1. Would you point out the residue of region 212-227, among those that are over 22 Å from E168 (Cβ atoms) and outside any helix (DSSP H, G or I), that is nearest to the chain's Cα centre (by Cα)?
2. What about A105, is it in contact (Cβ under 8 Å) with a residue 12 or more places away in the chain, over 22 Å from D30 (Cα atoms) and small (G, A, S)?
3. Please work out if V142 is in the same structural domain as P269 (by TED's automatic domain parsing), touching a Pro at 6+ places or on another chain (Cβ under 7 Å) and not polar (S, T, N, Q).
4. Could you check region 244-259 and list, in sequence order, the residues that are in contact with a Lys or Arg (Cβ under 7 Å, 6 or more places away or on another chain) and farther than 14 Å from A164 by Cβ?
5. Looking only at region 97-130, which residues are among the β-branched types (V, I, T) and modelled with pLDDT of 90 or more?
6. Based on what the data block shows, is E161 in contact (Cβ under 8 Å) with a residue 24 or more places away in the chain and either more than 19 Å from L275 (Cβ to Cβ) or of a type in the set (S, T, N, Q) (or both)?
7. Checking V172 against (1) free of Cβ contacts under 8 Å to residues at least 60 places away in the same chain; (2) surrounded by fewer than 22 Cβ atoms within 10 Å (Cβ to Cβ); (3) outside the structural domain of W72 (by TED's automatic domain parsing), which single condition isn't satisfied?
8. Scan region 132-158 residue by residue and report those that are in a helix (DSSP H, G or I), in contact with a strand residue (DSSP E or B) (Cβ under 7 Å, 6 or more places away or on another chain) and aliphatic (A, V, I, L, M).
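The values are calculated or read from the model by the stated rules, or taken from the named source; none is laboratory data. Values in this document were obtained by computation on a predicted structure and should not be read as measured data. Ideal geometry is used to build each Cβ from the backbone, glycine not excepted, and the neighbour counts take in all protein chains shown.
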Amino acid sequence: MPTPPGDDAPAEATPTTAVGQLVRAAPVADPLERAVARAKAAEALFGEAAAVKVGRYRLIERAGAGGMGVVWSAWDPELNRGVALKLASAGDDDARARARDEARALARLSHPNVVPIYDVFEAPEGVFLVMELVKGKTLRTVATDGAPVAELVRAYRQCGEGLAAAHEAGLVHRDFKPDNAILGADGRVRVLDFGLAHATDDTGAPIIAGTPRYMAPEQKRGDALTAAVDQYALCVALREAVTARGPTPRWLEAILTRGSAERPTERFPSMTALLAALALDPAARWRRRGMVGAGLVTVGARSPGRRRARAARPRSPAPGVAGGAPRPTRSSPASLATTPASRCRASSPRSTATPTTGCSSSAPRAWRTSAARYRATSRTSERPRK
């Protein structure tokens, strides 16, 4: 997708795009591109052709291009894996030095959200960087495809994790934008293109370079650079992605406004602090609480331990019944005969207990009759036989 004119046009230095997206057509006179085209034509006509190699790597196709280099997808026959070959410099000594600086910057980083570098070497065509080949789409494409706000926030939080790792290593990316972050097929976001990375301990005057739309005010002025410029760029990129879908949620707008403040001192104290604020999505918190609550209810209702505990709980013997005998039921005459008068008085406080049944006169007539019959039967069975 061509880069639209305007604020997206790069300043003095133009960064490369993410692997897998063509941003700008490479010159037709590119010798590597001509060699690959001839090899493909020969293979189509004759069924086979000599592979085009750079070093030990076999070129497959051009995957991306930009003002600071061309990215090729290639094959490493020794390790039997695909790689991305970035022709970071084919110009003068200064350009080659910048390419080697990018390689050193990537070598200082080891983080899941930063594209790793495997090797760097020089060839007649220029300085090549060997990196991980990530199959996916840039965050600009993710936003264009209509990803929901929650997914966009998660993706940019991963970018922030990678940038925070760079800051801890003493590096400022200086040119973060949606084209320099790719969402892989595995769901992980990698930050790309550290070609303009600036060391935080570099006391020299920084070169004004980057993409104007995402450059912090102090970066445009040529002031000393800090990690706050990456924070500014990330907030601007995230707001751009969210507003493409509609209004920005209020909780998110407050965070992005602070992160893209005019003065660096008015922004978050660090990228880590910004990421902590982005993690406080109210909707996500309520969803997590609901899932935890539902899980606790389910575990409590279905816990086999509780059922076993209730089943193994011993029952105390009923009053007036020998130990181990079953507890008399309410409808049993024995239970009616041994019912204390207090139980009956509880059901009818105004009545008095009768001496015959121990139950009040207001108790159900069927109970009194059953109790009287039981007592009469007991007296008859206790008489001695003549």
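1. Applying the filter and picking the extreme gives M215.
2. yes
3. When the stated conditions are applied, V142 does not pass them.
4. Answer for region 244-259, where residues must be in contact with a Lys or Arg (Cβ under 7 Å, 6 or more places away or on another chain) and farther than 14 Å from A164 by Cβ: T248, L256, R258.
5. Passing the criteria: V114, V115, I117, V120, V130.
6. No, not satisfied.
7. (2)
8. Once the filter is applied, which keeps residues that are in a helix (DSSP H, G or I), in contact with a strand residue (DSSP E or B) (Cβ under 7 Å, 6 or more places away or on another chain) and aliphatic (A, V, I, L, M), region 132-158 yields L139, V142, A155.
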